[in-house]
Amino acid sequence: MGDLATEQRALVETVRDFAQTELAPHALEWDQAKHFPVDTLHRAGELGLGGICVAEDVGGLGLTHADAVLIFEELAAGDPSIAAYISIHNMVVGMIDQNGTDEQRRRFVPALAAMQSFASFCLTEPGAGSDSAALTTSAVRDGDEYVLNGVKQFTSGAGSSSVYFVLARTGEAGATGISAILVPLEAPGLSFGANERKMGWNAQPTRQVIFENVRVPVDNRIGAEGAGFAQAMRGLSGGRINIGACSVGGGQWALDKTVRRLADRQAFGRPLAAQEALVFEIADRGTDLQTARLLLRHAAQALDAEQADATVLCAMAKRHATDAGFAAANAALQLHGGYGYLAEYGIEKVVRDLRVHQIVEGANEIMRLIVGRALLDTP
């Protein structure tokens, strides 16, 4: 942390203490029981972790994206699954804060920033994943209300969240026909599918969100009609670097655990730490994590400064960081041998949790497409 400002070092130490006392001791239990730790999330909210980059006038911390990536790295060292959920929640709260009216901000944001209630992001559909602009969930204007119909897929926190940030079609085909609408949990016609059985991220619920003639006031639309897709893409830039930071935190935890093991274990009459092939593997994984960390900070600073290349830098950072984090965790499992495959050591859980980071917030293939098109200057 030698390059961090004094305030950032204090922030990191506070979050690290929370992660190591409130998350890490329970991570395996939550994973195995598929338990969503609502009380722990409420305590995270007491630290302001529900509104990290949200304005202070509605209960946020008013911090930068550069601060946020530091926070999520530390949270993920405690539990990547819960850290990732907090990241998604923050993305939604940030979009409401940045794009909502003053009345909407004051109505929705304070409870969410305090994590007294939770938020979910409803973009992906059964037939629209990477091609988000092809979504078909509809919101038809009927007087002072919208009537929503459709299904959203892979929604983190669904059924437990109080507010759903829904991207729905209010106009013509394509991105410009999509609006952002807030749907409260109590809205008649809103229902949820079964909790998905997943490879990882077991400590956060993932369900379909089903809209059957769900009526909400037009006043629940965030921004103008047709502006929702652009809002979501801007919000996802922050979400991408946060999920990248979660990958770095989980990968670093696994790497640190492996370094300690190599120092303690012997094979063929020599410490494992003296085996050159293993030394090289540790060196490569550590180098990749550090380059990911620096790229995340660079992208975060560009996003804070609203640089023209911020979206591309966030895509670069997300792709590299999620690949590096998963590679570090996967190598840690291999270097632990059979013990890495056992649940009690925690390595296999982190491998499972980090694998989905290469898919969510835009699959890494899409990140490469964004970067490649920008470098080639093609649409």
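Within the stretch 19-32, the set of residues being in contact (Cβ under 8 Å) with a residue 24 or more places away in the chain and either surrounded by fewer than 20 Cβ atoms within 10 Å (Cβ to Cβ) or of a type in the set (Val, Ile, Thr) (or both) comprises GLN20, ALA24, HIS26, LEU28, GLN32. The set of residues from the stretch 102-128 being open to solvent by 40 Å² or more (accessible area, probe 1.4 Å), without any contact (Cβ under 8 Å) to a residue 24 or more places away in the chain and under 23 Å from the mean Cα position of the chain (by Cα) comprises just one member, GLY127.
Name every residue in the stretch 39-62 that is under 17 Å from the mean Cα position of the chain (by Cα) and either of a type in the set (A, V, I, L, M, F, W, C) or surrounded by fewer than 23 Cβ atoms within 10 Å (Cβ to Cβ) (or both), in order of residue number. Selection gives LEU41, ALA44, GLY45, GLY48, LEU49, ILE52, CYS53, VAL54. When you scan the stretch 37-60, do you find a residue that is touching a Cys at 6+ places or on another chain (Cβ under 9 Å) and touching a residue at least 40 places away in the same chain (Cβ under 8 Å), even just one? Checked against the condition, which is being touching a Cys at 6+ places or on another chain (Cβ under 9 Å) and touching a residue at least 40 places away in the same chain (Cβ under 8 Å), the stretch 37-60 yields at least one hit.
Of the candidates GLY286, GLY362, the single residue that is surrounded by 21 or more Cβ atoms within 10 Å (Cβ to Cβ) and not aromatic (Phe, Trp, Tyr) is GLY362. No other residue among ARG197, ARG261 is charged (D, E, K, R) and in contact (Cβ under 8 Å) with a residue 12 or more places away in the chain apart from ARG261.
Screening the stretch 322-350 for residues that are open to solvent by less than 30 Å² (accessible area, probe 1.4 Å), in a helix (DSSP H, G or I) and small (Gly, Ala, Ser) and picking the one that is farthest from SER87 (Cα to Cα) gives GLY340. Residues that are charged (D, E, K, R): list the helices (runs of 4 or more DSSP H) wholly contained in the stretch 1-118 that include at least 2 such residues. In the stretch 1-118, 6-18, 27-33, 38-46, 65-78, 102-113 are the helices (runs of 4 or more DSSP H) which contain 2 or more residues that are charged (D, E, K, R). For ILE88, the criteria (1) open to solvent by less than 10 Å² (accessible area, probe 1.4 Å); (2) in contact with a strand residue (DSSP E or B) (Cβ under 7 Å, 6 or more places away or on another chain) hold in every case but one, which is (1).
LYS318 meets the conditions (1) surrounded by 18 or more Cβ atoms within 10 Å (Cβ to Cβ); (2) charged (D, E, K, R); (3) over 18 Å from ALA232 (Cα atoms) in every case but one. The failed one is (3).
Which count do you get for residues in the stretch 207-233 that are open to solvent by 10 Å² or more (accessible area, probe 1.4 Å), part of a helix (DSSP H, G or I), touching a residue at least 60 places away in the same chain (Cβ under 8 Å) and under 22 Å from ILE366 (Cβ atoms)? Count: 2.
Looking across the stretch 294-315, the residues that are in contact (Cβ under 8 Å) with a residue 24 or more places away in the chain and surrounded by 22 or more Cβ atoms within 10 Å (Cβ to Cβ) come down to LEU295, LEU296, ALA299, ALA300, LEU303, CYS314, ALA315. One residue alone among LYS198, LYS152 is at pLDDT 95 or above, in contact with a Leu (Cβ under 8 Å, 6 or more places away or on another chain) and charged (D, E, K, R), and that residue is LYS152.
Looking across the stretch 152-174, the residues that are surrounded by fewer than 18 Cβ atoms within 10 Å (Cβ to Cβ) and either in contact (Cβ under 8 Å) with a residue 40 or more places away in the chain or of a type in the set (Asp, Glu) (or both) come down to SER162, GLY171, GLU172, GLY174.
Only one entry in ASP284, ASP353 is under 28 Å from ASP67 (Cβ atoms), acidic (Asp, Glu) and part of a helix (DSSP H, G or I), namely ASP353.
Being polar (S, T, N, Q), surrounded by fewer than 24 Cβ atoms within 10 Å (Cβ to Cβ) and not in a strand (DSSP E or B), is that true of even one residue in the stretch 253-274? No, there is no match, as no residue in the stretch 253-274 is polar (S, T, N, Q), surrounded by fewer than 24 Cβ atoms within 10 Å (Cβ to Cβ) and not in a strand (DSSP E or B). When the stretch 129-144 is filtered for residues that are open to solvent by less than 30 Å² (accessible area, probe 1.4 Å), aliphatic (A, V, I, L, M) and farther than 15 Å from TYR164 by Cα, the ones remaining, listed by number, are ALA133, LEU135.
The values are calculated or read from the model by the stated rules, or taken from the named source; none is laboratory data. Because the structure is a prediction, the values reported are computed rather than measured. Positions of Cβ are generated from backbone atoms using ideal geometry, with glycine treated the same way; all protein chains shown enter the neighbour counts. These accessible areas exclude ligands, DNA and RNA; they are computed on the full protein's heavy atoms, side chains included. Shrake-Rupley method; radii C 1.70, N 1.55, O 1.52, S 1.80 Å.
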